[in-house]
Amino acid sequence: MNIELVTIGTELLLGLTLDTNGAEIAREFAAQGLRVTRRTSVADRAEEIREAVADALERTGAVLTTGGLGPTRDDITKRVVADLFDAPLEFDEGVWANLLERFGRLQRKPADSNRSQAEVPRGATVLRNRWGTAPGLWLEGSRGLVIMLPGVPLEMRRLLEHEVIPRLKDRGGASVIRSLQVRTSGIPESTLAELIGDVESEIAPLTLAYLPGLEGVDLRLSAWGLAPDDADHRLRQAADVVRARAGKHVYGEGDCDLAALVLDQARAHGTRLAVAESCTGGLVGTRLTEVPGSSEVFVGGVIAYDNALKSRVLGVPEGLLAEYGAVSEPVARAMAEGALGAFNVDAAVSVTGVAGPGGGSDEKPVGTVWIGCALAGTVEARRSMFVGTRHEIRARAAQAALLTLYRRLILPLG
C-alpha cells in the first residue's frame, strides 16, 4: 500500500516547529510494509489543505494528515476534508460525552469552542483519543482514504499505535523496511568509520548510515524490501558484526539512553551514585533524574560553579585550585572524592571545564574538560576536548561523564 503524509500547521513552514510527526509516521509505516511516497507540509489555509489532500488522493488513494483538529479558528482540517468528500459534519454525542468525561477528570470546564471537536464527517469512523481532546478520524469513500490525526506528538503517537496501525496492518505488503540502530559514544565519526572499515559488502543487502549527534555517533542499519523475519535476522547479524568492530565504543541499541544504562548497572551492583558538576551546571544530574526510578540509586549532586563552593562543599583544597586551576586533573579528582564523602555514596563523577565562548587560554582552550570518577577505592580523571557552541560542549561533556561512569560500573577497578 502506498500512502502520502500531509502535515498541517503554519508553524511548520515558519520553522518554529520541527515536523517530528512525519518522520515518526514514516518509520512506523515502513515497518508494516506501508510505503510513504511523499510528505507535504502546508499552512493552516483551507485552499492549501484541500489541494494537498486532493492531489495526494489522486496519486495514491490514501493520505494521513496531522494537525488542524483542535478547537480554535485555525483548526480547519476536518472541515476541509469533509467538504472534499461531500460528507457534512454532524454532532456526535458519544464524542462529546468522552470530552466531558475528560474535562471532568481534570476538574475543568470545556469552552464553547470545544463542541466543534465533537463534530464528525458523515460516514467517518471516530478514533478515540484517550490522551487529549481531539479525536482522530478515519474517512473512506469513492475518493479514497483519509486518516486525520491531531498534531500534538504524544496524541498522534498513541493514536497511530493503538488505532491506525492495527487497521492498516492487513493492507501492508509482504516486504518491509526496517532499521536497527547501534549507539556509540566517545569516538569521532571519522575514527569510527576507520575502525569499522568496509563492512558494507559483508552486510549487503543491508545498508549502513553514520548519524553523528551530541551524544555520539549512531550507526543505523537498514533492511529494504525484505520479508519481516528475514529483515530481523539480517539486522541482528549485521548489528553483531558492527558491534564487534566498534568494540568498547558501543553502549547500546535502538533508542536506549546512556543515563538509564548507568542506573541499571548501579542498581545491579547495589551502587549509590552522586555527581559534582561545574561547567555542565547540573546536566549530568538532569540526565539521570529524567529516568523513572533513578532515586533508587541516585542520591544527588552539587553544582560547584564557584571555586569557593568547590572548597566549602566538596573539600577541594584551595592550594590545588591556586596551583592548577579549576579545570585540571587534580581538581577533577578532588571533586569526585569530595562528592563521595559529601553524599556518602559508592561512586561519583565530576565535571570541570571551559565551555566558552570566552574563558579559554593557550593551555586550556575552550572545549577543555576534565572528568573525574571515584569508584571501588580508585579515583581517576581524564581530559577531553570538545568542539562546538557552549550548548554543544556542555551536552557532550555530560554525555562523556555518563560514559565514564558507565564504563567504570561495567568494568570496576579493584
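When peptides 128-138, 8-18 are ranked by their average number of other Cβ atoms within 10 Å per residue, the highest-first order is 128-138, 8-18. Accessible surface computed residue by residue for the chain, with neighbouring protein chains in place and a 1.4 Å probe, gives 47 Å² per residue.
With axes computed from alpha carbons, what is the tilt in degrees of helix 329-343 against the longest principal axis of the chain, rounded to the nearest 10 within 0 to 90? Orientation of helix 329-343: about 70 degrees from the principal axis.
Karplus-based coupling profile of the range 13-18, in residue order and whole Hz: 6, 7, x, 7, 9, 7, with θ = phi - 60° in 6.51 cos²θ - 1.76 cosθ + 1.60 and x standing for Gly or Pro. Taking label positions 7 Å along the Cα-Cβ direction at both Trp96 and Glu161, the computed distance is 3.2 nm, reported to one decimal. Only one item in (1) 24.7; (2) 26.9; (3) 22.0 matches Kirkwood radius over Cα pairs in Å derived from the coordinates shown, and that item is (1). For the range 154-170, the Karplus equation 6.51 cos²θ - 1.76 cosθ + 1.60, evaluated at θ = phi - 60°, returns couplings of 4, 5, 4, 4, 5, 5, 4, 5, 8, 10, 8, 4, x, 6, 9, 3, 5 Hz by residue, with Gly and Pro reported as x.
Cross-link partners of Lys78 among lysines, defined as those whose alpha carbon lies under 29 angstrom from its own and excluding same-chain residues fewer than eight positions apart: Lys109, Lys169.
In terms of packing, defined here as the mean over residues of other Cβ atoms within 10 angstrom, the peptides 95-107, 303-315 line up highest first as 303-315, 95-107. Mean-square fluctuations from a GNM of the chain, with a 10 angstrom spring cutoff on Cα atoms, peak among Arg167, Arg220, Arg35 at Arg167.
For the range 25-78, relative contact order (Cα pairs under 8 Å, six or more residues apart, normalised by length) works out to 25 percent. Could you check how much of the accessible area of the chain is carbon and sulfur, as a whole percent, using a 1.4 Å probe? That share works out to 49 percent.
The values are calculated or read from the model by the stated rules, or taken from the named source; none is laboratory data. None of the values given here were measured: they were computed from a predicted structure. Positions of Cβ are generated from backbone atoms using ideal geometry, with glycine treated the same way; all protein chains shown enter the neighbour counts. Calculation scope for accessible area: heavy atoms of the full protein, side chains included, ligands and nucleic acids excluded. Shrake-Rupley method; radii C 1.70, N 1.55, O 1.52, S 1.80 Å.
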